[in-house]
Each structure stands twice: as structure tokens, then as C-alpha cells.
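Okay, structure first, notes after.
The values are calculated or read from the model by the stated rules, or taken from the named source; none is laboratory data. What you are looking at is a predicted structure, and each value in this text was computed from that prediction instead of being measured. All Cβ positions, glycine included, derive from the backbone under ideal geometry; neighbour counts span all protein chains shown. Heads up: the accessible areas ignore ligands, DNA and RNA and are worked out on the full protein's heavy atoms, side chains in. Shrake-Rupley method; radii C 1.70, N 1.55, O 1.52, S 1.80 Å.
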Amino acid sequence: MEIITAKDLIKDYNGFRAVDGVSFSIVKGECFGFIGPNGAGKTTIMRIIYCFLPPTGGEVRVLGYDVTKEPSLIKARMGVMPQDDSLDPDLSVIQNLVVYGRYFDMPKKKTVPLARELLASVGLADKMKANIRELSGGMKRSLLLVRSIVNDPDVIILDEPTTGLDPHSRQMVWRRLEDLKRQGKTLLLTTHYMEEAERLCDRVAIMDRGKIIVIASPKDLMGEHGGNLEAVYLKLTGRKLED
């Protein structure tokens, strides 16, 4: 069952084409990753999918709904972990989760125990009452992940989910994402970490300059082209991932 589909998707910014006619589909329970350097169009696609940006052209449907016509129906069943820090600095860790839950009509008596469980799963159990300003960058990333799943969404958007995390915390987040996959959640992520894509993604779309070059499983790409995903990217695009 296709959960997300894009057909001939285009996004222009002041004459610059950030996304250039891409098409893809993502099925239920899949972890689908976008790989590419900064400026490849990955985050723009994500923002269109979670109804933050309107497309310039083409069509995007999520859970059967058009992103331009029925955004509220999409947002109600989606969780988003953005690349930017969008936490409320005036609230504590657990208050951020309780307030977020209200957007989905979640009662506090339900949100609080769930928030405690989720915070423990990413190593933040002892930070529940801490103010956001007291958290490290890595802790904030972990909290953003927890916030994205507190409403039990069907689709979870993860924009660079482990950026800034130490190796131990990254492994903890990966295990949590693997748990979500086992629960049948559909995950869509961008990442610069090839190990992350190889471990989590059922398929990846390699992007460069607003276009999708290839969509395949990491295993198939590495088997066909040799080496790891970073080497595959270099072979297909002629430039390094950080260029």
C-alpha cells in the first residue's frame, strides 16, 4: 500500500529550482531515505510532504490526501522531527511534550505517562523537569524525536535525526527507530550518515542538484556499484557528499 507518492514534483525559490521534477512512492511500513549534500533538495521535499511548503508544480499525496488541498488531515496522522530546533525554551522537557500533545487533543493524563516512557527510551528520563536551555544539542535532537512520535503517528518525518549526537546516543536513536519500523510505522528520513542509511533504510533515493539519480535498496546499490553508499554516491554523481 502506497503511503506517500510524488509525481513530477517541482519547487522553485525566486527563480532557483530546488526540486526538479522528482517522482517516487513510499509504501506502508517502509523506511525510505534521501541521501545527498546540502542543497540537493532533500529538506525541501520533506517540508512539502509535511505541508510546510506548497509545491510549485507536480502532485504529492500522503495517506491518500493531496498536500495542497487537505493538509490538516495529513498533519493529524503525521509526526515531524525537523532539522531546526523548534522546542519551546520557556518550558521544561516534559511540558514541551504535554503542550505538543494538546495539538492532537491528547489529555494530559494520557500524555504524561507516555512522555515518561518515551523519554526513558532515549536516555532523557532524568531530564524531564529540566528547562530546554539546560539541554545539550544532542539532548534536544533526542527530545525532538520523542516529540515527533508522542501522537502515535502513522508517518514519521525525520530530517537529519542524529545530527549532533554522540555515538552512544545515535545507537539509542537507531534502536528506537527500528522499534517504530517493527510497529509498522512508515519512516522518511534525510541523513548525511551512510551507516545510518545502510542500517535503517529499506530504500534510498540518491539526490543531486534537485534531481533523484536512483532509487534502490542500500544493499542493491552497494552490490551493483561496489563499496559503501558514500562510494556509490561519488561514482554516480562525480562528487563527494559534502561538496
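What translational diffusion coefficient, to the nearest whole µm²/s, does segment 119-243 have by Stokes-Einstein, given a Kirkwood radius computed over alpha-carbon pairs, a temperature of 4 °C and 1.567 mPa s viscosity?
Calculated translational D: 81 µm²/s.
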Task: Ordering of 191-201, 138-148 by packing [mean C-beta count within 10 Å, highest first] - done: 138-148, 191-201
Task: Extension gain from L91 to N228, taking 0.36 nm per residue of separation minus the Cα-Cα distance - done: 45.1 nm
Open item on the list: Connecting C-alpha atoms closer than 10 Å in a GNM of the chain, tell me which of P107, P37, P71 has the biggest fluctuation.
Closed with: P107
TODO: Pick out which of K211, K109, K185 has the largest mean-square fluctuation in a Gaussian network model of the chain, springs linking Cα atoms closer than 10 Å.
DONE: K109
Open item on the list: Relative contact order of the chain, please, whole-number percent, based on alpha carbon pairs below 8 angstrom and at least 6 residues apart.
Closed with: 25 percent
Task: Reach of K109 by Cα under 22 Å, taken over lysines that are not fewer than 8 positions away in the same chain - done: K127, K129
Task: Probe 1.4 Å, protein heavy atoms only - accessible area per residue of the chain in square angstrom - done: 46 Å²
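Taking 0.36 nm per residue of sequence separation and subtracting the Cα-Cα distance, how much length would be gained by fully extending the chain between Q171 and D220, in nm to one decimal?
Details: separation 49, 0.36 × 49 = 17.64 nm, distance 2.39 nm.
So the chain would gain 15.2 nm between Q171 and D220.
Counting only protein heavy atoms, what percent of the accessible surface of segment 122-175 is carbon or sulfur at a 1.4 Å probe? The partial results should precede the final answer.
Numbers: 1050 of 2090 Å².
C and S fraction of accessible area: 50 percent.
Considering all projection directions equally, how large on average is the shadow of the alpha-carbon convex hull of segment 1-70, in square nanometres? List each step's numbers first, then the result.
On the way: hull surface 18.6 nm².
With every direction weighted equally, the projected area is 4.6 nm².
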Task: Over 29 Å (Cα to Cα) - which of K185/K235; K28/K211; K28/K219 fall in this group - done: K185/K235
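Hey, any idea what the orientation-averaged projected area of the convex hull of segment 1-146's Cα atoms comes to, in nm²?
10.1 nm²
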